[in-house]
Amino acid sequence: MALLVAEKIEAIKNKFGSYDPHYFYVGYSTPDFYNHIDPNHCKQCREIFEYMVKNKEQMKTTKENWEQATANLRNRGVRSTVGESVEAIRVRDYAAHLLKVYVGESLLDVGCGDQFIKKCIDPKVRYIGLDAFPVFSNPALLYETWMGNIEDEKWIEFFDKKIDTICAFAVMDNCLDFDKAIENMKQIAQKNIVFLTGANIEVDRFHTFKLQLSDFDYRFSDWNKTYAEEIIPKVWLLEYTRP
């Protein structure tokens, strides 16, 4: 859980001997604290406030656009992989990606689809899938998959202290509310969160957001960035770990 604003201010005072509001806003703040910024404090505070409000609104999409983009992705996913480009095959080499990051004793697969990630991890890892539109190609998947959106706050309590690692592969640039998704995942994951995501890809029928690496770094400014690799141009493997 993020520290309360008063606690953050006290922590900065203890560490640096003084409290600089600009340092607090830029270096310690997270999106859920933008309401605590006083836009009348100075010009810099006003600019930060306006940026954060604008950025927060840009990170939401309509349910209709999200459902259509998700349907497009699912339809694309069932096509034959014969003749695929080397780059496409490299992106889907999840087993190789997961060897580069930490995977705890329990894993929540956000946007799990047909649980492809489960095939790529140690069978001793307790696997749980979560997807708004899960693919039940195998009846056995029913027992390990929950239907729903990570933006729903009920999952915070449901998965409380049960999940070490969260994987969100090919899902963050097509979700309903980017900020809410990140906020909930940060509360659920006890150790780390791993993303495979597009960056600087224009919005199209598969993508509801044009994400930048800075969108992740900013929201994880209070965590450690423990891995970052551009797998292919504009597709990144990112890992953030609790401090």
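The values are calculated or read from the model by the stated rules, or taken from the named source; none is laboratory data. Please read these numbers as outputs of a predicted model, since none were measured by experiment. For neighbour counting, all protein chains shown are included, and Cβ atoms are generated from backbone atoms with ideal geometry for every residue, glycine included.
Which of (1) exposed (fewer than 13 other Cβ atoms within 10 Å of the Cβ); (2) at pLDDT below 90; (3) part of a loop (DSSP other than H, G, I, E, B) does VAL135 not meet, given it meets every other one? If we test VAL135 against (1) exposed (fewer than 13 other Cβ atoms within 10 Å of the Cβ); (2) at pLDDT below 90; (3) part of a loop (DSSP other than H, G, I, E, B), just (1) comes out false. Among the residues making up the stretch 217-232, a single one is more than 16 Å from the chain's Cα centre (by Cα) and free of Cβ contacts under 8 Å to residues at least 60 places away in the same chain: GLU230. Within the set GLU239, GLU157, the sole residue that is under 21 Å from HIS97 (Cα atoms), outside any loop (DSSP other than H, G, I, E, B) and not aliphatic (A, V, I, L, M) turns out to be GLU239.
Is it fair to say TRP146 is at pLDDT 90 or above, assigned by TED's automatic domain parsing to the domain that holds PHE206 and not in a loop (DSSP other than H, G, I, E, B)?
Taking the combined requirement at face value, the residue does not satisfy it.
Being part of a helix (DSSP H, G or I), basic (Lys, Arg) and closer than 26 Å to ILE232 by Cβ is true of LYS118.
Would a scan of the stretch 197-214 turn up a residue that is in a helix (DSSP H, G or I), surrounded by fewer than 22 Cβ atoms within 10 Å (Cβ to Cβ) and not hydroxyl-bearing (Ser, Thr, Tyr)? Let's see the steps before the verdict.
Filtering the stretch 197-214 for residues in a helix (DSSP H, G or I) gives 213-214.
With the extra rule that they be surrounded by fewer than 22 Cβ atoms within 10 Å (Cβ to Cβ), the set shrinks to 213-214.
Restricting the remaining residues to those that are not hydroxyl-bearing (Ser, Thr, Tyr) gives 213.
Checking the stretch 197-214: at least one residue is in a helix (DSSP H, G or I), surrounded by fewer than 22 Cβ atoms within 10 Å (Cβ to Cβ) and not hydroxyl-bearing (Ser, Thr, Tyr).
Filtering the stretch 175-196 to residues that are assigned to a helix (DSSP H, G or I) and over 11 Å from the mean Cα position of the chain (by Cα) leaves GLN187, ILE188.
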